[in-house]
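Read the structure below first, then the notes.
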Amino acid sequence: MIASLGPTVDPAVAADLGPIAELAARTFPLACPPDLPRASIDAFIDRHLSAGALRVHLDTPGHDLLAARTPDGRLVGYALLVDGIEMDPTCADQILHRPTVGISKLYVDPGHHGSGFAALVLDDVVRRCVGRGVRGLWLATNVANIRARRFYARQGFVERGTRTFDVGGVSNTDVVYERALSGTAAGPG
Ligand SMILES: CC(C)(COP(=O)(O)OP(=O)(O)OC[C@H]1O[C@@H](n2cnc3c(N)ncnc32)[C@H](O)[C@@H]1OP(=O)(O)O)[C@@H](O)C(=O)NCCC(=O)NCCS
(Lines give C-alpha, C1' and ligand atoms only; values in the text may rest on other atoms or scores of the structure.)
Protein backbone atom coordinates (compact mmCIF):
# COMPACT_ATOMS: atom_id res chain seq x y z
CA MET A 1 0.00 0.00 0.00
CA ILE A 2 1.29 3.46 -0.83
CA ALA A 3 0.58 6.33 1.54
CA SER A 4 -2.12 8.47 -0.05
CA LEU A 5 -0.40 11.71 0.95
CA GLY A 6 3.33 11.87 1.20
CA PRO A 7 5.42 12.95 4.14
CA THR A 8 7.03 16.33 4.42
CA VAL A 9 10.74 15.99 4.97
CA ASP A 10 12.68 19.00 6.21
CA PRO A 11 16.04 19.73 7.80
CA ALA A 12 15.59 19.36 11.55
CA VAL A 13 15.74 22.46 13.74
CA ALA A 14 16.46 22.69 17.47
CA ALA A 15 12.78 22.34 18.37
CA ASP A 16 12.69 18.95 16.61
CA LEU A 17 15.46 17.41 18.72
CA GLY A 18 13.27 16.36 21.64
CA PRO A 19 10.66 14.61 19.46
CA ILE A 20 13.37 13.02 17.30
CA ALA A 21 15.19 11.73 20.40
CA GLU A 22 11.94 10.25 21.69
CA LEU A 23 11.29 8.55 18.32
CA ALA A 24 14.90 7.39 18.15
CA ALA A 25 14.76 5.82 21.61
CA ARG A 26 11.60 3.91 20.63
CA THR A 27 12.80 2.74 17.24
CA PHE A 28 16.51 2.00 17.70
CA PRO A 29 15.73 -1.29 19.51
CA LEU A 30 13.82 -2.43 16.41
CA ALA A 31 17.06 -2.36 14.41
CA CYS A 32 18.94 -4.49 16.97
CA PRO A 33 19.28 -8.26 17.00
CA PRO A 34 17.08 -10.03 19.54
CA ASP A 35 20.01 -11.32 21.58
CA LEU A 36 21.58 -7.89 22.14
CA PRO A 37 21.39 -7.04 25.87
CA ARG A 38 18.98 -4.25 26.71
CA ALA A 39 21.73 -2.53 28.72
CA SER A 40 23.87 -2.25 25.58
CA ILE A 41 20.96 -0.83 23.60
CA ASP A 42 20.23 1.71 26.35
CA ALA A 43 23.90 2.71 26.52
CA PHE A 44 23.88 3.41 22.78
CA ILE A 45 20.67 5.42 23.04
CA ASP A 46 22.05 7.51 25.91
CA ARG A 47 25.31 8.20 24.13
CA HIS A 48 24.17 8.77 20.55
CA LEU A 49 20.44 9.40 20.40
CA SER A 50 19.66 11.89 23.18
CA ALA A 51 18.56 15.37 22.14
CA GLY A 52 21.97 16.63 23.21
CA ALA A 53 23.82 14.06 21.13
CA LEU A 54 21.62 14.71 18.10
CA ARG A 55 22.16 18.47 18.41
CA VAL A 56 25.76 18.01 17.25
CA HIS A 57 24.48 17.04 13.80
CA LEU A 58 22.74 20.41 13.37
CA ASP A 59 26.10 22.15 13.62
CA THR A 60 28.37 19.69 11.81
CA PRO A 61 29.12 20.39 8.14
CA GLY A 62 28.21 17.43 5.94
CA HIS A 63 25.64 16.12 8.42
CA ASP A 64 21.94 16.45 7.57
CA LEU A 65 19.37 15.54 10.17
CA LEU A 66 15.94 15.33 8.53
CA ALA A 67 12.53 15.31 10.18
CA ALA A 68 9.71 13.47 8.40
CA ARG A 69 6.13 14.34 9.19
CA THR A 70 2.70 13.12 8.20
CA PRO A 71 0.56 15.60 6.27
CA ASP A 72 -1.08 16.58 9.60
CA GLY A 73 2.30 17.48 11.06
CA ARG A 74 3.16 14.50 13.29
CA LEU A 75 6.85 13.64 13.39
CA VAL A 76 6.96 9.92 12.64
CA GLY A 77 10.30 9.50 10.91
CA TYR A 78 13.82 10.85 10.83
CA ALA A 79 16.96 10.36 8.84
CA LEU A 80 20.57 11.31 9.32
CA LEU A 81 22.77 11.72 6.24
CA VAL A 82 26.53 11.97 6.48
CA ASP A 83 28.62 13.03 3.49
CA GLY A 84 31.25 10.66 2.15
CA ILE A 85 32.52 7.72 4.17
CA GLU A 86 32.89 9.60 7.47
CA MET A 87 30.15 7.35 8.89
CA ASP A 88 32.62 4.46 8.86
CA PRO A 89 35.92 4.92 6.98
CA THR A 90 36.61 1.17 7.26
CA CYS A 91 33.88 0.70 4.62
CA ALA A 92 35.65 2.89 2.05
CA ASP A 93 36.69 -0.02 -0.18
CA GLN A 94 33.11 -1.26 -0.42
CA ILE A 95 31.70 2.02 -1.71
CA LEU A 96 32.01 2.16 -5.47
CA HIS A 97 30.14 5.33 -6.44
CA ARG A 98 31.49 8.79 -5.58
CA PRO A 99 30.58 11.32 -4.48
CA THR A 100 28.65 9.33 -1.92
CA VAL A 101 26.43 10.01 1.07
CA GLY A 102 25.93 7.63 3.96
CA ILE A 103 22.47 7.07 5.37
CA SER A 104 23.49 6.87 9.01
CA LYS A 105 19.91 6.53 10.21
CA LEU A 106 16.49 6.01 8.66
CA TYR A 107 13.85 5.30 11.25
CA VAL A 108 10.08 5.32 11.00
CA ASP A 109 7.50 4.94 13.77
CA PRO A 110 6.21 1.34 13.78
CA GLY A 111 2.66 2.63 13.30
CA HIS A 112 3.74 3.66 9.80
CA HIS A 113 5.72 0.57 8.82
CA GLY A 114 4.33 -1.14 5.75
CA SER A 115 2.52 2.04 4.66
CA GLY A 116 4.96 3.26 2.03
CA PHE A 117 6.00 6.16 4.28
CA ALA A 118 9.61 4.99 4.60
CA ALA A 119 9.92 4.61 0.83
CA LEU A 120 8.69 8.17 0.35
CA VAL A 121 11.19 9.46 2.90
CA LEU A 122 13.92 7.61 1.03
CA ASP A 123 12.66 9.11 -2.26
CA ASP A 124 13.12 12.54 -0.67
CA VAL A 125 16.65 11.63 0.42
CA VAL A 126 17.43 10.51 -3.14
CA ARG A 127 16.07 13.75 -4.62
CA ARG A 128 18.13 15.84 -2.20
CA CYS A 129 21.29 13.93 -3.01
CA VAL A 130 20.80 13.80 -6.78
CA GLY A 131 20.12 17.53 -6.66
CA ARG A 132 23.60 18.16 -5.33
CA GLY A 133 25.46 15.81 -7.62
CA VAL A 134 25.77 12.78 -5.36
CA ARG A 135 26.31 9.53 -7.31
CA GLY A 136 25.66 6.92 -4.64
CA LEU A 137 24.08 6.23 -1.27
CA TRP A 138 25.39 3.71 1.21
CA LEU A 139 24.36 2.37 4.58
CA ALA A 140 24.87 -0.51 6.96
CA THR A 141 22.23 -2.44 8.86
CA ASN A 142 22.38 -5.35 11.24
CA VAL A 143 22.54 -8.73 9.57
CA ALA A 144 19.48 -9.81 11.60
CA ASN A 145 17.39 -6.74 10.65
CA ILE A 146 15.48 -8.66 7.99
CA ARG A 147 12.76 -6.05 7.61
CA ALA A 148 15.25 -3.28 6.83
CA ARG A 149 17.28 -5.55 4.57
CA ARG A 150 14.24 -6.45 2.49
CA PHE A 151 13.22 -2.81 2.36
CA TYR A 152 16.63 -1.67 1.14
CA ALA A 153 16.90 -4.49 -1.39
CA ARG A 154 13.52 -3.52 -2.84
CA GLN A 155 14.71 0.09 -2.95
CA GLY A 156 17.60 -0.80 -5.23
CA PHE A 157 20.41 -1.21 -2.72
CA VAL A 158 22.89 -4.02 -3.33
CA GLU A 159 25.01 -5.79 -0.74
CA ARG A 160 28.67 -4.86 -0.78
CA GLY A 161 30.00 -6.71 2.26
CA THR A 162 29.96 -6.39 6.02
CA ARG A 163 31.34 -4.24 8.81
CA THR A 164 31.58 -4.50 12.58
CA PHE A 165 29.48 -2.07 14.60
CA ASP A 166 29.70 -1.49 18.34
CA VAL A 167 26.46 -1.13 20.29
CA GLY A 168 27.10 -0.43 23.96
CA GLY A 169 30.28 -2.48 24.06
CA VAL A 170 28.96 -5.41 22.01
CA SER A 171 30.30 -6.04 18.50
CA ASN A 172 27.63 -6.60 15.87
CA THR A 173 27.82 -7.57 12.22
CA ASP A 174 26.17 -5.18 9.78
CA VAL A 175 25.58 -5.72 6.08
CA VAL A 176 26.87 -2.83 3.94
CA TYR A 177 24.60 -1.73 1.09
CA GLU A 178 25.07 0.72 -1.76
CA ARG A 179 22.70 2.21 -4.31
CA ALA A 180 23.94 4.03 -7.38
CA LEU A 181 22.13 7.25 -8.19
CA SER A 182 21.45 8.26 -11.74
CA GLY A 183 20.75 11.80 -12.87
CA THR A 184 17.08 11.53 -11.92
CA ALA A 185 15.31 10.51 -8.73
CA ALA A 186 12.88 8.28 -10.63
CA GLY A 187 14.29 5.01 -9.35
CA PRO A 188 17.37 2.97 -8.60
CA GLY A 189 20.32 4.17 -10.62
C1 LIG B 1 13.54 -0.09 7.92
C2 LIG B 1 12.25 0.69 7.77
C3 LIG B 1 12.55 2.17 7.52
C4 LIG B 1 11.51 0.12 6.55
O5 LIG B 1 10.23 0.70 6.45
P6 LIG B 1 8.94 -0.25 6.35
O7 LIG B 1 7.75 0.61 6.17
O8 LIG B 1 8.94 -1.14 7.53
O9 LIG B 1 9.30 -1.08 5.04
P10 LIG B 1 8.33 -1.95 4.12
O11 LIG B 1 7.15 -2.43 4.91
O12 LIG B 1 8.07 -1.17 2.89
O13 LIG B 1 9.29 -3.15 3.76
C14 LIG B 1 9.68 -4.08 4.73
C15 LIG B 1 9.92 -5.44 4.11
O16 LIG B 1 10.21 -6.40 5.15
C17 LIG B 1 9.20 -7.41 5.13
N18 LIG B 1 9.00 -7.74 6.53
C19 LIG B 1 8.25 -7.10 7.44
N20 LIG B 1 8.34 -7.70 8.63
C21 LIG B 1 9.17 -8.75 8.48
C22 LIG B 1 9.67 -9.75 9.34
N23 LIG B 1 9.33 -9.81 10.64
N24 LIG B 1 10.51 -10.67 8.83
C25 LIG B 1 10.87 -10.62 7.53
N26 LIG B 1 10.44 -9.71 6.67
C27 LIG B 1 9.59 -8.76 7.14
C28 LIG B 1 8.02 -6.80 4.43
O29 LIG B 1 7.19 -7.79 3.86
C30 LIG B 1 8.73 -5.99 3.36
O31 LIG B 1 9.32 -6.82 2.39
P32 LIG B 1 8.72 -6.99 0.91
O33 LIG B 1 8.62 -5.62 0.35
O34 LIG B 1 9.74 -7.82 0.21
O35 LIG B 1 7.40 -7.64 1.11
C36 LIG B 1 11.34 0.56 9.01
O37 LIG B 1 10.95 -0.80 9.16
C38 LIG B 1 12.01 1.00 10.29
O39 LIG B 1 12.05 2.18 10.60
N40 LIG B 1 12.53 0.01 11.06
C41 LIG B 1 13.11 0.26 12.36
C42 LIG B 1 14.42 0.95 12.25
C43 LIG B 1 15.37 0.33 11.29
O44 LIG B 1 15.60 -0.86 11.29
N45 LIG B 1 15.94 1.22 10.48
C46 LIG B 1 16.98 0.85 9.55
C47 LIG B 1 18.29 0.85 10.27
S48 LIG B 1 19.60 1.00 9.12
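The values are calculated or read from the model by the stated rules, or taken from the named source; none is laboratory data. Note that the structure is predicted; figures quoted are calculated from it, not measured. Quick reminder, even Gly has a Cβ in these numbers, built from the backbone with ideal geometry, and neighbours come from all protein chains shown. Surface areas here come from the heavy atoms of the whole protein model, side chains and all, with no ligands, DNA or RNA. Shrake-Rupley method; radii C 1.70, N 1.55, O 1.52, S 1.80 Å.
Checking residue 106 against (1) assigned to a strand (DSSP E or B); (2) more than 8 Å from the ligand (Cβ to nearest atom); (3) not polar (S, T, N, Q), only one condition comes out false. Which one?
Only one criterion in (1) assigned to a strand (DSSP E or B); (2) more than 8 Å from the ligand (Cβ to nearest atom); (3) not polar (S, T, N, Q) is unmet by residue 106, namely (2).
Among the listed residues 115, 171, which satisfies the condition of being among the small types (Gly, Ala, Ser), within 21 Å of residue 31 (Cα to Cα) and touching a residue at least 40 places away in the same chain (Cβ under 8 Å)?
Details: 171 fails: touching a residue at least 40 places away in the same chain (Cβ under 8 Å).
Going through 115, 171 in turn, just one is among the small types (Gly, Ala, Ser), within 21 Å of residue 31 (Cα to Cα) and touching a residue at least 40 places away in the same chain (Cβ under 8 Å): 115.
Check residue 17 against each of (1) in contact with a Lys or Arg (Cβ under 9 Å, 6 or more places away or on another chain); (2) surrounded by fewer than 19 Cβ atoms within 10 Å (Cβ to Cβ) and name the one condition it does not meet.
Exception for residue 17: condition (2).
For segment 111-125: of the residues being part of a helix (DSSP H, G or I) and either in contact with a Lys or Arg (Cβ under 8 Å, 6 or more places away or on another chain) or near the ligand (Cβ under 7 Å from one of its atoms) (or both), which is most open to solvent (accessible area, probe 1.4 Å)?
First, the residues of segment 111-125 that are part of a helix (DSSP H, G or I): 111-112, 117-125.
With the extra rule that they be either in contact with a Lys or Arg (Cβ under 8 Å, 6 or more places away or on another chain) or near the ligand (Cβ under 7 Å from one of its atoms) (or both), the set shrinks to 112, 117-119.
On the way: 112: 40, 117: 7, 118: 25, 119: 21 Å².
Only one residue tops the list, namely 112.
Please work out if residue 7 is touching a residue at least 40 places away in the same chain (Cβ under 8 Å) and over 17 Å from the mean Cα position of the chain (by Cα). Can you show your working first?
Values: touching a residue at least 40 places away in the same chain (Cβ under 8 Å): yes; over 17 Å from the mean Cα position of the chain (by Cα): no.
It is false that residue 7 is touching a residue at least 40 places away in the same chain (Cβ under 8 Å) and over 17 Å from the mean Cα position of the chain (by Cα).
State all residues of segment 69-100 that are farther than 19 Å from residue 7 by Cβ and surrounded by 14 or more Cβ atoms within 10 Å (Cβ to Cβ); if no residue qualifies, say none. Walk me through it before giving the result.
Here is the first cut: in segment 69-100, the ones farther than 19 Å from residue 7 by Cβ are 82-100.
Those that are farther than 19 Å from residue 7 by Cβ and surrounded by 14 or more Cβ atoms within 10 Å (Cβ to Cβ): 82, 83, 84, 85, 87, 88, 91, 94, 95, 97, 100.
If we scan segment 133-147, do we find a residue that is out of contact with any strand residue (DSSP E or B) (no Cβ under 9 Å at 6 or more places or on another chain), more than 13 Å from the ligand (Cβ to nearest atom) and either touching a residue at least 24 places away in the same chain (Cβ under 8 Å) or over 17 Å from residue 78 (Cβ atoms) (or both)? Break it down into steps so the answer makes sense when it comes.
Going through segment 133-147, the residues out of contact with any strand residue (DSSP E or B) (no Cβ under 9 Å at 6 or more places or on another chain) turn out to be 133, 146-147.
Narrowing the set further to residues that are more than 13 Å from the ligand (Cβ to nearest atom) leaves 133.
Remaining after also requiring either touching a residue at least 24 places away in the same chain (Cβ under 8 Å) or over 17 Å from residue 78 (Cβ atoms) (or both): 133.
Within segment 133-147, one or more residues are out of contact with any strand residue (DSSP E or B) (no Cβ under 9 Å at 6 or more places or on another chain), more than 13 Å from the ligand (Cβ to nearest atom) and either touching a residue at least 24 places away in the same chain (Cβ under 8 Å) or over 17 Å from residue 78 (Cβ atoms) (or both).
Conditions tested, residue by residue: (1) part of a helix (DSSP H, G or I); (2) out of contact with any Gly (no Cβ under 9 Å at 6 or more places or on another chain); (3) under 25 Å from residue 128 (Cα atoms).
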residue: 18; (1), (2), (3): yes, yes, yes
residue: 26; (1), (2), (3): yes, yes, no
residue: 41; (1), (2), (3): yes, no, no
residue: 52; (1), (2), (3): yes, yes, no
residue: 56; (1), (2), (3): yes, yes, yes
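In segment 21-52, how many residues are touching an Asp or Glu at 6+ places or on another chain (Cβ under 8 Å) and either crowded, with 16+ Cβ neighbours inside 10 Å or small (Gly, Ala, Ser) (or both)? Step through it out loud before you land on a result.
Filtering segment 21-52 for residues touching an Asp or Glu at 6+ places or on another chain (Cβ under 8 Å) gives 23, 26-27.
Imposing the further condition that a residue be either crowded, with 16+ Cβ neighbours inside 10 Å or small (Gly, Ala, Ser) (or both) reduces the set to 23, 27.
So the answer is 2.
Of everything in segment 152-174 that's within 19 Å of residue 34 (Cα to Cα) and out of contact with any strand residue (DSSP E or B) (no Cβ under 6 Å at 6 or more places or on another chain), which residue is nearest to the ligand (Cβ to nearest atom)?
Here the residue is 167.
On the basis of being touching a Lys or Arg at 6+ places or on another chain (Cβ under 8 Å) and of a type in the set (Phe, Trp, Tyr), does residue 157 make the cut?
Details: touching a Lys or Arg at 6+ places or on another chain (Cβ under 8 Å): yes; of a type in the set (Phe, Trp, Tyr): yes.
Yes: the conditions hold for residue 157.
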